[in-house]
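Take a look at the structure below.
Computed from the coordinates by the stated procedures, all read-outs in this text should not be read as laboratory data. Everything numeric in this text was worked out from a predicted model, so none of it was measured. When we count neighbours, we look across all protein chains shown, and the Cβ atoms used for this are built from the backbone with ideal geometry, even at glycine.
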Amino acid sequence: MQLLSLVLVFLFVKKVLLLKIHPDVGLSFAEQVKRHGYPIDIHEVITEDGYILSLFRIPYGIRGNNYQNRTENRSAVLFLHGMGGFPANWISLGPKDSLTYYLADRGYDAWIMSTRGVDSPLQRKHLLYDWNDDMEYWDFSLHDIGVYDLPANIDYIRKYTKQERIFFVGHSAACPEFFIMMSEKPEYNNKIKIGTIYGASPILKKLDYPMVILGSQLVDVVREMYSLLTSASFSRLSSRQILQYLDNLKTGEFRQYNYGSKINKKLYGTKVPPKYNLTRCETAVAFFSSTSDSFCILEDLYESMNEIPNVILHYQIPFKRFTHIDFVFGRNSTYLVYEPTYRLFKDFDEGKVPSKRGKKYIFSN
C-alpha cells in the first residue's frame with residue numbers, strides 16, 4: 001500500500017513539473033482582465049461595519065455585437081467566490097472558458113465582488129483597523145459576510161446601474177452567505193432576480209472523502225494553472241468563518257455562530273445559536289449540483305430545497321465526473337454550466353421564468 005501511494009505521488013509530481021509558466025502570473029485581477037482584452041472598472045464599497053471592499057466590473061464583452069452595443073443598459077450579475085477564494089477564480093480560465101466573460105459577451109454587466117479578508121488594490125481595507133496589525137479586523141464569520149458584505153455590494157450595484165433587481169451567482173460558501181442575507185434581511189428578496197447557487201447547500205450534514213472534492217480533473221487543472229494559482233494572493237480566512245462552517249456541519253443545522261452557551265445566552269437569549277430561517281428566501285433560487293460533488297451531498301440539498309419556498313430550478317450536471325472545483329475551473333463548464341445559466345437569465349429577462357411561488361422553470365427551446 002505504501003509503495004502504491006509513493007508511485008501515485010511520484011506520477012502526480014512528475015506531471016506538475018511538466019507545467020508551463022502561466023502568462024497571468026504576477027498580474028493583478030484588473031491586469032489579467034485587461035490582458036484578456038476586456039474592459040475593467042474598480043469600485044470601492046464600504047460596509048455598514050466599516051470594511052472597505054473591492055468590487056470589479058466588466059461592463060461589456062468583446063465578442064459578437066456586444067462591443068458595438070456597449071452603451072445599452074445590461075442586466076447586472078453579481079459573482080461571489082467561495083471561502084478561501086478570490087475574484088480571479090471567475091476569470092482564471094481565460095476568455096473562452098470563464099463565466100464572467102461568457103456572460104459579458106452575451107450582453108450582461110458582470111460585477112465580481114471580494115469579501116472581507118481578500119487582498120485588494122485598495123490601500124485601506126477598514127475605516128479603523130489594519131488587516132495586518134489589528135486582530136479586530138478578523139473578528140468576523142460567515143454571518144458578517146452575509147449580513148454586511150453582500151448587501152452592501154448589491155445596494156452599490158443597484159444604485160450605480162439604476163436597476164431595481166440583479167442576478168446573483170455564488171459558488172460553494174457563497175451559498176450560506178446568500179441565505180444568511182435572505183434570512184436576516186428579507187427585504188433583499190426584492191433586489192434579486194434569481195439567486196444562482198453552484199455546488200452548495202445551506203444545510204450541510206456530511207462531506208464525502210476530502211480528496212474527491214478536488215476532482216477527477218485535478219491533475220489537468222494543476223498542470224495548466226499551478227504557476228498562476230500558487231503566485232496568486234489568496235484570501236486570508238478568519239477562524240470564525242471556518243468554525244461556523246464546521247459547527248453547521250457537525251450539528252447538521254444551518255445556524256448562527258456558536259460562541260458557547262454563556263455568550264450565546266447573552267447574545268441570542270438561548271444557549272444554542274438560532275437557526276437561519278430559509279423560508280424567508282422568497283426570491284427565485286436555482287441550484288446547480290453534481291453527483292460527484294463532495295461538498296454538496298444531494299440528500300442535504302434536497303432537505304434545503306424542501307425548506308426554501310421558491311426553488312425554480314435544480315439542474316444536475318449531466319456528467320458524472322463533474323466535481324466541486326469544476327464549477328469554476330472545469331474546461332467543460334462552458335456547455336455544462338454556463339450555457340444553462342445564460343439560458344436561465346435570458347428567459348427570466350424575457351418573462352419566460354415563472355414568477356409565482358411553487359412553479360418550476362423548464363428550459364425553453
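Find the relative contact order for the range 20-349 and round it to a whole percent, using C-alpha pairs within less than 8 Å whose residues are 6+ positions apart. Please list the in-between numbers first.
Numbers: 638 pairs, mean separation 61.8, N = 330.
Once normalised by length, the contact order is 19 percent.
Once both labels are positioned 7 Å from their Cα atoms along Cα-to-Cβ, the gap between Lys162 and Glu44 label points is 2.5 nm. Within the same chain, aspartates and glutamates fewer than 8 places from Lys125 are excluded, and of the rest, those with a Cα less than 17 Å from its Cα are Glu44, Glu48, Asp49, Asp133, Asp134, Glu136, Asp139, Asp144, Asp149.
At 0.36 nm per residue, minus the direct Cα-Cα distance, what do Leu243 and Glu136 gain on full extension? Give it in nm, one decimal, please. Walk me through the numbers before you get to the answer.
Details: separation 107, 0.36 × 107 = 38.52 nm, distance 1.71 nm.
Here the answer is 36.8 nm.
In this rough spin-label picture, where each label sits 7 Å from Cα along the Cβ direction, the Lys34-Asp347 distance is 4.0 nm. Once both labels are positioned 7 Å from their Cα atoms along Cα-to-Cβ, the gap between Asp208 and Ile62 label points is 3.8 nm.
What is the gain in length, in nm to one decimal, between Arg124 and Asn277 on full extension, counting 0.36 nm per residue of separation less the C-alpha to C-alpha distance?
Working: separation 153, 0.36 × 153 = 55.08 nm, distance 3.45 nm.
Taking Arg124 through Asn277 to full extension adds about 51.6 nm, to one decimal.
Applying the Karplus relation 6.51 cos²θ - 1.76 cosθ + 1.60 with θ = phi - 60° to the range 304-318 yields 3J(HN,Hα) values of 4, 5, 5, 8, 7, x, 10, 7, 8, 8, 10, 9, 8, 4, x Hz, where x marks Gly and Pro. Partner lysines whose Cα lies under 26 Å from the Cα of Lys271, excluding those fewer than 8 positions away in the same chain, are identified as Lys185, Lys205, Lys206, Lys250, Lys262. What is the distance in Å between the Cα centres of the range 296-364 and the range 127-172? Their Cα centres are 24 Å away from one another. Each of the peptides 255-267, 290-302, 139-151 was scored by the mean count of other Cβ atoms within 10 Å over its residues; in descending order, highest first, they stand as 139-151, 290-302, 255-267. Among the listed pairs Lys96/Lys360; Lys193/Lys352; Lys162/Lys346; Lys193/Lys359; Lys159/Lys191, a Cα-Cα separation exceeding 23 Å is found for Lys96/Lys360.
If you take the alpha carbon radius of gyration of the range 20-349 and divide it by 2.2 N^0.38 Å, what ratio comes out, to two decimals?
Working: Rg = 18.9 Å, N = 330, 2.2 N^0.38 = 19.9 Å.
Cα Rg divided by the expected 2.2 N^0.38 Å: 0.95.
Full extension of the chain between Arg236 and Glu187 gives 14.6 nm of extra length, using 0.36 nm per residue less the Cα-Cα distance. Straight-line reach from Lys266: taking Cα to Cα under 17 Å and skipping same-chain neighbours fewer than 8 places apart, the lysines in range are Lys275.
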